[in-house]
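Beneath this line is the structure, given in structure tokens, with notes to follow.
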Amino acid sequence: MTEPSGGIPDTGPLNYRLWLPRWDTHNGRLRTRLQVTTMGLTQINEGTTECMTAILEELGQPEAKNVTWSCERYRTPYFSDFTDAEAWEDRLAMAWSVTIETDNDVDPEDGGSHDPGPHGSHAHDSTFADEDEDWERTRERVIVIAGRGYGPEIDAAPLEEIDGVRSADTGVFEGMVALDLGELDFPEALPKVEAVVARCQELGLPTTWGR
């Protein structure tokens with residue numbers, strides 16, 4: 001068995017990319033919060049113990065016990081590889097905010113990788129049924145992620161005043177902010193998202209991971 005870059009055993013095609021992992025303790029349990037995007041083959045639905053355990057192992061935490069988790073789907077320009085595409089689905093990458101908790105007394109600083117990613121993942125969610133409607137929704141929650149990983153602390157106050165922004169979370173990753181725009185109807189809502197992106201860029205905050 002070979003290991004590609006990142007030290008992940010090559011067990012077949014990658015299903016996900018793992019981004020912005022954070023580690024802390026919550027109610028005495030090791031907690032991991034991260035963002036997940038699809039490689040175009042599968043999505044995350046309800047998740048399974050096997051799926052979440054594999055994600056933790058790929059992030060450098062192989063000793064997961066009594067795993068619990070939550071997953072929330074959204075769209076964001078930050079993880080898109082095609083921000084100038086004509087189709088809104090390509091401009092706004094499909095993503096999931098995933099929180100995993102496990103019984104483990106390890107120091108969160110040593111819990112696993114702190115690299116913002118992307119980290120390749122062979123995990124698979126067997127609860128995903130691959131129905132057409134799973135790919136073709138036109139009403140989606142949108143989160144605009146902005147900033148640079150491990151960059152300077154961001155002042156959320158002026159960002160919360162941007163038209164269309166419901167809340168700003170500076171805990172998404174050090175030096176970054178997540179602006180929640182709520183659920184929007186597409187393609188009509190694309191200009192609203194673009195206006196928020198433009199304002200972030202005016203403030204010097206990149207809104208795409210590769211830039």
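Between T102, H26, P62, the Cα set farthest toward the positive side of the dipole of the chain (charges on each charged residue's Cβ, about the Cα centre) is that of H26.
The slack between L190 and D110, meaning 0.36 nm per residue of separation minus the straight C-alpha distance, is 24.8 nm.
Give me the percent relative contact order of the chain, please, defined on Cα pairs under 8 angstrom at least 6 residues apart. Each step should come with its number before you reach the end.
On the way: 437 pairs, mean separation 48.1, N = 211.
So the answer I get is 23 percent.
Taking θ as phi - 60° and the Karplus parameters 6.51, -1.76 and 1.60, the scalar couplings of region 95-108 work out to 8, 9, 8, 10, 10, 10, 10, 8, 6, 6, 9, 5, 4, x Hz in sequence order, x denoting glycine and proline.
First check a/c for region 16-171, with a ≥ b ≥ c the square roots of the eigenvalues of its C-alpha gyration tensor; if it is under 1.5, answer rounded, and if not, answer prolate when a/b is larger than b/c or oblate otherwise.
Details: a/c = 1.91, a/b = 1.19, b/c = 1.60.
Oblate, because a/c is 1.5 or more while a/b does not exceed b/c.
Annotation: amide H of S167 within the under-5 Å range of D180, sequence separation 5 or more or interchain, hydrogens built in the peptide plane. Annotation for A129 and R73: the two label points, set 7 Å from Cα along the Cα-Cβ direction, are 1.2 nm apart. Amide H to amide H, with H built 1.01 Å from N, V172 comes under 5 Å of A178, counting only residues 5 or more places away or on other chains.
Values quoted throughout were computed directly from the atomic coordinates according to the rules given, and no laboratory measurement underlies them. Remember, predicted model here, so these are calculated numbers, not experimental data. Glycine also receives a Cβ, built like all others from the backbone with ideal geometry; neighbour counts cover every protein chain displayed.
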